[in-house]
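Structure first, commentary second.
What follows draws every value from the coordinates through simple rules; no lab data is involved. Everything numeric in this text was worked out from a predicted model, so none of it was measured. Glycine gets a Cβ as well: all are built from the backbone with ideal geometry, and neighbour counts include every protein chain shown.
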Amino acid sequence: MIVTWSVAAASAAFIALAAGSLIFLRAMLHRISRMQAAAETMERELQALAADVRGAVVPAGQTFAAVKQQVERTAKLFEAVERFGDSANQVAGAVHRVSSVLADSATRHAERAAGQYREAIGNAMDWAELGLTAWQLLQAQRESAGMRSRVSQRRGEGHDKNERSV
């Protein structure tokens, strides 16, 4: 009888263990099915995200290509500006050299002319001074003649037709 009770207890324990294992396996199966559903949902979302990324990659690639092209054009522009600046510096240097040569040449000619024509220039300056003095004297006489004619007009004497007042 003890054996029977032992077999019965062992059978009951085995049945309880089997039932517990089945309940545990069922719970695990339920969790696995939920995880599978979540994985399928994630897979769908990843596929949608991958499609969005693929859709964004093409315009991004085109944008990068356009930016690269603009950078290359800008580099060419900067290179052209640099060449222009170098050319402008060369032209400025050439103009400076030419103007220096012209200034030196003009100075030499002026010095040579001053040496050759010093006496003639002095005479011309004397004549110019004499002419200026004569002109100033003539202007002073006209002013005094104009003052006399105004005084005579006030007295009623009048003035000559050919005389002009200033």
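Applying 1/(1 + (r/R0)^6) with R0 = 30 Å to the Cβ-Cβ distance of Q69 and E43, what FRET efficiency is obtained, to the nearest 0.05?
Efficiency at R0 = 30 Å is approximately 0.20.
How much length would be gained if the chain were fully extended between V53 and M1, taking 0.36 nm per residue of separation minus their Cα-Cα distance, in nm to one decimal?
11.2 nm
Cα convex hull of the chain: how many Å³ per residue?
523
What base-10 log of the normalised intensity I(q)/I(0) is obtained for the range 1-96 from the Debye formula, alpha carbons as equal point scatterers, at q = 0.21 Å⁻¹?
Result of the Debye calculation: -1.04.
Contour minus end-to-end for S99 and I32, with contour as 0.36 nm per residue of separation and end-to-end as the Cα-Cα distance?
14.6 nm is the gain from fully extending S99 to I32.
With each run of n ≥ 4 DSSP H residues scored as -39500 (n - 2.57), what mean residue ellipticity at 222 nm is computed for the chain after dividing by its residue count and rounding to the nearest 500 deg cm²/dmol?
Rounded to the nearest 500, it is -35000 deg cm²/dmol.
Report the gain in length on full extension from I15 to Y117: 0.36 nm times residue separation, minus Cα-Cα distance, nm rounded to one decimal.
Taking 0.36 nm per residue and subtracting the Cα distance, the gain is 22.3 nm.
To test your reading of the geometry: what angle, between 0 and 90 degrees and rounded to tens, separates the Cα axis of helix 118-155 from the longest principal axis of the chain?
Roughly 70 degrees, rounded to the nearest 10.
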